[in-house]
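Let me begin by presenting the structure, written as structure tokens, before commenting on it.
The numbers here are math on the coordinates, done by the rules we state, and not lab data. The structure presented is a predicted model; accordingly, all values stated were derived computationally and were not measured. We place every Cβ from the backbone using ideal geometry, glycine too, and count neighbours over all the protein chains shown.
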Amino acid sequence: MKLTGFLVPLLLFPLWTPSPSAASPQAPENPRPSPAPAASPVEGQAPSFPSQVEQVTVDVVVTDKKGAPITGLGRQDFTLAEDGDPQAIATFEAVQVPRAAASAAPTEHPRISTNTAPELHSGRTFVILFDDIHLTPFQARRAKVAVQEFLTNGVSEADRVTLVASGGGAWWSTRMPAGRDELITLLKRLEGRHIPDHSPERMTDYEGMRIHIYHDPQVMERVSRRFETYGVSPSTNRDGSNPGSDPNPLMSARAMEVYYQATARNRITLEILERVLTSLAGTRGRKSLILVSEGFIYDPNMDEFKKVVQASRRSNAAIYFLDTRGLEGMPEALTAEFGPMIDERDIGAAFSETIEASEGSESLASDSGGFAVRNTNDLSKGIRRIADESQAYYLLGYSPTNVKRDGRFRKIQVKVPAGKGYQVRARKG
């Protein structure tokens, strides 16, 4: 029993033995390695800091009074300013694209397509936005003839053309002239979707906005007089219901209906514009977006207008508006189609309807460095003018002296001081 009692403590002793470091507190610890001393700067050498230099590239088109491009200009012929402050032109390139041969036969597509090899893009980029939701069937047919003429004679070899329909019926991109036939085939399938209202309750998109959003008394009086002339009763709605105490309930309800329908159409077109312009951000060379449409009103309540302009500036792409309404004649309200003559006080407003109806699309073209082709029945010549303008252009690059990242808009001004009568087009900022 004594032996057993003596063995138990011995067997349990290893379980209670402390770690060697705790058992020997006087034992020296292994020293930790000291951090390496920082390298001392070499005497006489200035310290360097990483930095990032941004360069802004601006496409500039210079034409004479007739719209013909001016070639042969050099870096010294341009002056460039940002918010009024002169900027040094760091890079300069004059680009001149050879004219296309009208009888050029399309080349065959390669049998294998790949996106792994880098693409060398030496031509121009055109995006044709066929705005079928803002085109009537008749205007769409006229527009297709002009676009087909442009695809046949307006583009050069190595140009890339993308055809997009705002209604979702097309989004196809191809190299010219190899993909010309397939683009024309796709173009022929597109049709206009907008059916104009010719009823006595007719109200323009602009009038609907001014009445429903701004409660404009002048526009309300004008529409009220027109409704009275056409025999439209203000006391009941279309379904015969009486809405209440509104002095002109039919006009108010009609304005709301017209405005929301116009807003829905405009939002679709503007969102497509933004998507297309954003996709062009990484493309080099001259980029042009041709908006084939009857136009739409400018609604300051829609942020989509600002987003489209910002996308065009980031992508350095110009928007061109091809107004398919053609030569402007007598306003519809003054024709026999609407019956009685409108009040003489509203004749001036009737003539301004065509301007109000396309103010939004024209503003986009102006703000992006493009222009509008309007008041002409020769749409083929108008769209060819857009192609001719990009036949010769200049790329100016500069590093802004104002390096603040405050998100503010900075105005860009490009001039050719020695060229009297020259028209200079570039993005505004």
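State, to one decimal in nm, how far the label point of residue 275 lies from the label point of residue 406, with both points 7 Å from Cα in the Cβ direction.
Simple spin-label model gives 3.7 nm for this pair.
Once phi is turned into θ = phi - 60°, what whole-Hz ³J(HN,Hα) does the Karplus curve with 6.51, -1.76 and 1.60 give for every residue of the stretch 206-218, x standing for Gly and Pro?
Once rounded to whole Hz, the list reads 5, 5, x, 5, 5, 7, 6, 8, 9, 6, 5, x, 5.
State, as an integer percentage, the relative contact order of the stretch 122-376 based on alpha-carbon contacts under 8 Å between residues 6 or more apart.
On the way: 419 pairs, mean separation 55.8, N = 255.
RCO, the stretch 122-376: 22 percent.
Determine, for each peptide in 353-361, 60-68, the mean count of other beta carbons within 10 angstrom over its residues, then list the peptides with the highest first. Kindly include the intermediate steps, with their values, before the conclusion.
Numbers: 353-361: 19.4, 60-68: 15.1.
Those peptides, ordered most packed to least, come out 353-361, 60-68.
With r defined as the distance between the Cβ atoms of residue 191 and residue 344 and R0 fixed at 41 Å, what FRET efficiency is calculated, to the nearest 0.05?
Numbers: r = 39 Å, r/R0 = 0.96.
Efficiency at R0 = 41 Å is approximately 0.55.
List the aspartates and glutamates whose alpha-carbon lies under 14 Å from that of residue 428, not counting same-chain residues fewer than 8 positions away?
Here the aspartates and glutamates satisfying the reach criterion relative to residue 428 are 59, 82, 83, 367.
Which of the trypsin sites (Lys or Arg not before Pro) found in the stretch 189-235 are loop residues per DSSP with 11 or fewer other Cβ atoms within 10 Å of their Cβ?
On the way: sites: 189, 193, 202, 210, 222, 225, 226; in loops: 189, 193, 202.
Filter output for the stretch 189-235: 189.
For the cross-link pairs 65/287; 307/420; 306/404; 65/404; 65/144, which exceed 32 Å when the distance is taken from alpha carbon to alpha carbon? Can you show the working numbers first?
Numbers: 65/287 23 Å; 307/420 35 Å; 306/404 22 Å; 65/404 38 Å; 65/144 29 Å.
Checking Cα-Cα distances, 307/420; 65/404 exceed 32 Å.
Roughly speaking, what % of Cα-Cα pairs in the stretch 122-376 are separated by over 24 Å, rounded to a whole number?
Values: 16573 of 32385 pairs.
Percentage above 24 Å: 51.
By average Cβ neighbour count within 10 Å, what is the ranking of 362-368, 303-309 from highest down? Don't skip to the answer; put the middle values down first.
Numbers: 362-368: 21.0, 303-309: 18.3.
Final packing ranking: 362-368, 303-309.
What's the ranking of 165-174, 73-82, 388-397 by average number of surrounding C-beta atoms within 10 Å, highest first? Please report the intermediate quantities before stating the final value.
On the way: 165-174: 17.4, 73-82: 15.2, 388-397: 20.4.
Order by mean packing, descending: 388-397, 165-174, 73-82.
Largest first and in whole Å, give the semi-axes of the stretch 254-324's equivalent ellipsoid, each being the square root of 5 times a Cα gyration tensor eigenvalue.
On the way: eigenvalues 130, 34, 14 Å².
For the stretch 254-324, the semi-axes come out at 25, 13, 9 Å.
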